[in-house]
Structures are given as structure tokens and as C-alpha cells.
1. Enumerate the residues in the range 69-92 having an amide nitrogen under 13 Å from the point lying 7 Å beyond the Cα of His228 toward its Cβ.
2. Please give, to one decimal in nm, the separation of the simple spin-label points placed at Ala235 and Asp247, each 7 Å out from Cα toward the Cβ.
3. Diagonalise the Cα gyration tensor of the range 178-253 and give the resulting equivalent ellipsoid semi-axes, square root of 5 times each eigenvalue, largest first, whole Å.
4. Do the sum for the chain: with -39,500 (n - 2.57) for every DSSP H run of n ≥ 4, divided by all residues, what is the mean residue ellipticity at 222 nm, to the nearest 500 deg cm²/dmol?
5. Among all helices in the chain defined by DSSP H, which have a length of 20 Å or more along the axis from Cα atoms plus a Kyte-Doolittle mean of at least -0.5?
6. Place a point 7 Å from Cα of Ser19 in the direction of its Cβ. Which residues in the range 27-49 have their backbone N less than 11 Å from it?
7. Using only alpha carbon pairs under 8 Å that are at least six residues apart, calculate the relative contact order of the range 1-96 and give it in whole percent.
8. Counting only Cα, what are the radius of gyration and maximum Cα-Cα distance Dmax of the range 105-178, in Å?
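The values are calculated or read from the model by the stated rules, or taken from the named source; none is laboratory data. In this text, all values refer to a predicted model and were calculated from it rather than measured experimentally. Cβ sites come from the backbone with ideal geometry, for glycine too, and all protein chains shown count toward neighbours. For accessibility, only protein heavy atoms count, side chains too; no ligands or nucleic acids. Shrake-Rupley method; radii C 1.70, N 1.55, O 1.52, S 1.80 Å.
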Amino acid sequence: MPAPSTLAERATQLAPYLSVTKPHGRAPLATVLMMPGCGGRRPFLDTWAEAINRAGAAAVIVDSHAMRGINRLHALSLVCTGAQMRGRERAGDLYAALAWAKTQDWIAPSPILAAGWSHGSWAIMDALALKPGAEMRAATGIMDLPDEPLADLGGAFLMYPYAGVASLSARPWRRNPRSIAIVCGRDRIVGTAIPRTALERHRARGAPLDIHLFPTMTHAFDEPEASHPQVKYDAAETRRAHQLMADFIASFA
């Protein structure tokens, strides 16, 4: 975990590890804060950023791994196994990225959206579930967080979210931003039933959450470079997911 800090200090620390792409000729911009999966920043996220730009929004990839000096091997052996940088710790990166976004004059105050892939979705959901005060400070290492650090978050886009052991998926969210989740029917990494049950629980509590089941898809079906034996890339369903993102962005216009 990064050393204890203020929110402004953490935002400054994170800023060099934010990759920004923008559509041409438009400002201020709707913006999507992108939280990669447990393996860290991967090339397929640049394709997602391009899709977000085509939809008229800026894309900001938040590289939590690089900020902590976590390389690919380290990520696969420790982050992906849950031994290091769990979702509640990484929630602080989302709080800091949102604080950074609010200082950028090219970013529209609304909507600012968060998008997560697997571990990144875990971080977003834990960021919504942490209890204000001592728990939130202990989890993130940020000492001066407001009671609601996600007050300016307009929505969340959750790709094959992790909601298992060590996550806060059973807890109610402090607030319920408009959200979309994609759950994969052949996901052997985070499963299908566990995230779907957690998401349906949030929806039953009043979250405006659309759950899309991609019944034949595996985990990380949108990553052409994936080498995991239980992952299979599908170009057509990736385009479908990109369109869901574009429609989600447009829904805030």
C-alpha cells in the first residue's frame, strides 16, 4: 500500500500513471476513469479507450500497478491471487483519480464515470461499499477523505466483476450511481453465479443497475492478447460490449 497521505497528495502521486486520450475538438468532456484488471494495464484497454473516444468521452486509464512498482509477473503471482492490493485498498486510487479529474478544466463535472475490468470492478464496488471514517482511511491509506468521496461519480461500468472472497460485495453501497454490469456465462475465473447474485442484491436494494449476461463468453473475452487457458477472445461480443459502453455514455447526455 502507498504511504499514508492526503487525498490531494495521493492524486498528485497517481497523476503520472494516468493515461489520457480525448476525442478531437470537444471540451469540456465527459470522462471515463478506467480501472484495469489484476494483471495491470494491458494493450486491449487502448482499444476500449478508442471506443470511449468515438462515443465522445475522454478515457483515463488508472495504472494502480505502475504506481506501486508492480510488474506483470508480480501482478499475476500476487495481485491476481489476492495476496496483495485487494479491492478496498485500490478504492483509494479511484477516490484519488476522481479528485484529480475535478481539477482538470477540460473535464466536464458531469458525467464522470468509472469503468472496471474484473479486479478493477472489485475496486469500484468496494469503493462504493467502504464505511466512511476509520475503515475507509485504514483501507486506502488516505487520511482526509470526505464522508462521500464518490459524490461526483455519475455511473459505473463493470466488466466481469470479481465479487468473491475478501470483497465487500455483500454490503449495501453508500450511494447508487447508475450502472451497467457484464457477467459472462462461461467465466471460470470469477464465476457467473457469484457476481450475478451480488449484483442482483444491489439491484434489489434500489441500485439503478442493468445486468447483461453474455451467456457463451469467458472471462476477459475482450482481450485478444490473453494467454490464460480459460479465456477465449470474441471480436463480435467485444464490439457489442463497446456499444453498450457508448450507449451508456450517451445516456448521460
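1. 76-82
2. Rounded to a tenth, the inter-label distance reads 2.3 nm.
3. Working: eigenvalues 102, 62, 12 Å².
Semi-axes (√(5λ), whole Å): 23, 18, 8.
4. Details: 8 runs with 84 residues, N = 253.
Rounded to the nearest 500, the figure is -10000 deg cm²/dmol.
5. On the way: long enough: 87-101 (21 Å, -0.16); 235-250 (22 Å, -0.09).
Long hydrophobic helices here: 87-101, 235-250.
6. 36, 40-49
7. Working: 116 pairs, mean separation 36.5, N = 96.
The value is 38 percent.
8. 12.6, 39
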